[in-house]
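*Asks:* The structure's right below; bear with me while I get my questions together.
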């Protein structure tokens, strides 16, 4: 087996891994290898064809679900990870959430004071790191003319219902509003990691290896001296459309002084589990948060053309503090949307033919933490099992949010409003409402799996960060409590929901840890 | 493939609207991709709808436990759901005759049969419905004929 040696091995090239690699390369002369399980598909490979791009860019070809098959858990498996396939929605990390994490989980550092020097490192704080990330991604609000009709109607509906509404910020530059963000950006307008931090890292000498599936981390020693020394991986054949790879297909062993796992909240715990990472308190993989989302679909009198233009530009955080949910304007791609709509046969086709007049937005729940919701590596099927069910309190909030969403959609002028559900509610065979007063039937929704379509794009919280090894897996430096020279840094380390769409929170965390690590290399003998 | 081809055709016809004059002409073979053979073959046997196998029971128990249904009540709740499904199947058979298989049944019966699975009290049965429906629709709406038929304008890039 070939052996590749380096100082730092970063597993995962998404929001966290790309920023870590680029930051370390910028601030040190370390030899860094950045590995990615998916392919390296750049603009020229983004065909805009939904099924083809799902196979190329998404985990499980876009069909990764919870174990019961009920919730699609979307994630990017490609260079750039989720940042390559998301719709460029940027919400800043929430200071109050991080303050709560500091208080409840004993975390040190993570100051939002731009003058702070956390861990005794000059100018290390989240405020500065966030500003740097925002500048690199060109985060800015869309112009008035970039708000499409679907978003305009959503905003009008919120205002008519007395609900505050805001404009998203987007990480874009030179967007032509083709509306195909989720299929990958063909013109590199979306300022994903694919076109920012990954090239930054590569320009500074980081070796990027894609199509590289890490089978297991290599751990040496026992007990308190257990140490990560590298990983074993298999490089697959380059798929059509991908850029050339640095290493040829076949098995490879990486030797590294420090291993950083940044493979996301599903794959990171699975990798640790199959590598035999000690878990004396049964914490690894537990406490999965998904931000479950429910679509609200409106049938308007006039053409909306919701699939045209920038998909998401408006949102409401009106109920975040009081009830823990967002309303966010989004619209599903055609085939995925077809699966979401209720029914089949002529009724379904009749609804599909209304496509130009359909508007939609989503309710996104900031779900609570439950130990029962978790990721478990399945050694037989060789894949992570995602065990997740909506808790009772989350379901109650989702019902309230659904009712509110239906009212907002009617207030936006929709003639009829429906949910992606085939549950009977009240006297209705399905939640398809012809009058605003019927929104009250949402209180009867059972939200049962395979009756109502709930989706997720924000897995978090499966390798939790905290200072107590009995309740967490990594410390505030993202270092494993159990294994030396092993860090985990991605959305999996969040102790609870980060309170917003997580991209900027993850990238800011990675920038912070990259800067910190560059000043503390001695902790790992580098 | 030869054994399941009539089932695939019967399913695709039921899920889509090939009987609608406005539905575009497409080849069923274009959208048969990815349908799991074992699932299709068991779905085809109408009588199996009333059989509560171990996997169906286990999935339901897991759900009920998660929903904090007391242990002592779980068997009763499962029995009630089984009875409700059996009664719905009997009602279906009274309406459409003593059907044994899905594939050769008339279109209206096939759609009513799909609806049985969609509205079952058992999560495992609803999963069969969402899986079959999803695979057919996901493949069908990737076809340019369907895109055009529903007024989807592929953006220029």
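The values are calculated or read from the model by the stated rules, or taken from the named source; none is laboratory data. What you are looking at is a predicted structure, and each value in this text was computed from that prediction instead of being measured. Quick reminder, even Gly has a Cβ in these numbers, built from the backbone with ideal geometry, and neighbours come from all protein chains shown.
*Asks:* Looking only at the stretch A:228-243, count how many residues are surrounded by fewer than 18 Cβ atoms within 10 Å (Cβ to Cβ) and either in contact with a strand residue (DSSP E or B) (Cβ under 6 Å, 6 or more places away or on another chain) or free of Cβ contacts under 8 Å to residues at least 12 places away in the same chain (or both).
*Replies:* 4
*Asks:* Would you point out the residue of the stretch B:137-157, among those that are touching a helix residue (DSSP H, G or I) at 6+ places or on another chain (Cβ under 6 Å) and more than 7 Å from every other protein chain (Cβ to nearest Cβ), that is surrounded by the fewest Cβ atoms within 10 Å (Cβ to Cβ)?
*Replies:* Within the stretch B:137-157, the subset touching a helix residue (DSSP H, G or I) at 6+ places or on another chain (Cβ under 6 Å) is B:137-142, B:146, B:150-152.
Add one more test, that the residue is more than 7 Å from every other protein chain (Cβ to nearest Cβ), and what stays is B:139-140, B:146.
Working: B:139: 19, B:140: 23, B:146: 23.
If we take residues in the stretch B:137-157 being touching a helix residue (DSSP H, G or I) at 6+ places or on another chain (Cβ under 6 Å) and more than 7 Å from every other protein chain (Cβ to nearest Cβ), then B:139 is surrounded by the fewest Cβ atoms within 10 Å (Cβ to Cβ).
*Asks:* Is at least one residue of the stretch A:452-464 buried (at least 20 other Cβ atoms within 10 Å of the Cβ), over 30 Å from residue B:126 (Cβ atoms) and modelled with pLDDT of 95 or more?
*Replies:* yes
A quick yes/no check of all residues on (1) in contact with a helix residue (DSSP H, G or I) (Cβ under 6 Å, 6 or more places away or on another chain); (2) outside any helix (DSSP H, G or I); (3) free of Cβ contacts under 8 Å to residues at least 24 places away in the same chain:
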{"site": "A:102", "(1), (2), (3)": "no, no, yes"}
{"site": "A:107", "(1), (2), (3)": "yes, yes, no"}
{"site": "A:151", "(1), (2), (3)": "no, no, no"}
{"site": "A:154", "(1), (2), (3)": "no, no, no"}
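*Asks:* Could you please let me know if residue A:306 is modelled with pLDDT of 95 or more, touching a strand residue (DSSP E or B) at 6+ places or on another chain (Cβ under 8 Å) and either more than 14 Å from chain B (Cβ to nearest Cβ) or within 30 Å of residue A:166 (Cα to Cα) (or both)?
*Replies:* no
*Asks:* Quick check on my filter: what residues within the stretch A:442-451 are surrounded by fewer than 20 Cβ atoms within 10 Å (Cβ to Cβ) and away from chain B (no Cβ under 14 Å)?
*Replies:* Residues satisfying the conditions are A:443, A:444.
*Asks:* Would you check if there is a residue in the stretch A:309-327 being surrounded by fewer than 18 Cβ atoms within 10 Å (Cβ to Cβ), at the interface with chain B (Cβ under 9 Å from one of its Cβ atoms) and touching a residue at least 12 places away in the same chain (Cβ under 8 Å)?
*Replies:* No, the stretch A:309-327 contains no residue that is surrounded by fewer than 18 Cβ atoms within 10 Å (Cβ to Cβ), at the interface with chain B (Cβ under 9 Å from one of its Cβ atoms) and touching a residue at least 12 places away in the same chain (Cβ under 8 Å).
*Asks:* What number goes with the only condition from (1) in a strand (DSSP E or B); (2) more than 25 Å from the chain's Cα centre (by Cα) that residue A:280 does not pass?
*Replies:* (1)
Conditions tested, residue by residue: (1) at pLDDT below 95; (2) more than 20 Å from the chain's Cα centre (by Cα); (3) assigned to a helix (DSSP H, G or I); (4) more than 20 Å from residue B:140 (Cβ to Cβ).
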| position | (1), (2), (3), (4) |
| --- | --- |
| B:41 | yes, no, yes, yes |
| B:68 | yes, yes, no, yes |
| B:75 | yes, yes, yes, yes |
| B:78 | yes, yes, yes, yes |
| B:91 | no, no, yes, yes |
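Let's see how each residue does on (1) in contact (Cβ under 8 Å) with a residue 40 or more places away in the chain; (2) within 13 Å of chain A (Cβ to nearest Cβ):
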{"site": "B:104", "(1), (2)": "yes, no"}
{"site": "B:110", "(1), (2)": "yes, yes"}
{"site": "B:118", "(1), (2)": "no, yes"}
{"site": "B:131", "(1), (2)": "yes, yes"}
{"site": "B:135", "(1), (2)": "yes, yes"}
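*Asks:* Name the single residue that is farthest from the other protein chains (Cβ to nearest Cβ) among those in the stretch A:28-64 being surrounded by fewer than 18 Cβ atoms within 10 Å (Cβ to Cβ) and within 17 Å of the chain's Cα centre (by Cα).
*Replies:* Per the criteria, the residue is A:60.
*Asks:* Would you mind telling me which numbered condition in (1) in a strand (DSSP E or B); (2) surrounded by fewer than 17 Cβ atoms within 10 Å (Cβ to Cβ) residue A:252 fails?
*Replies:* Going through the list (1) in a strand (DSSP E or B); (2) surrounded by fewer than 17 Cβ atoms within 10 Å (Cβ to Cβ), residue A:252 breaks only (2).
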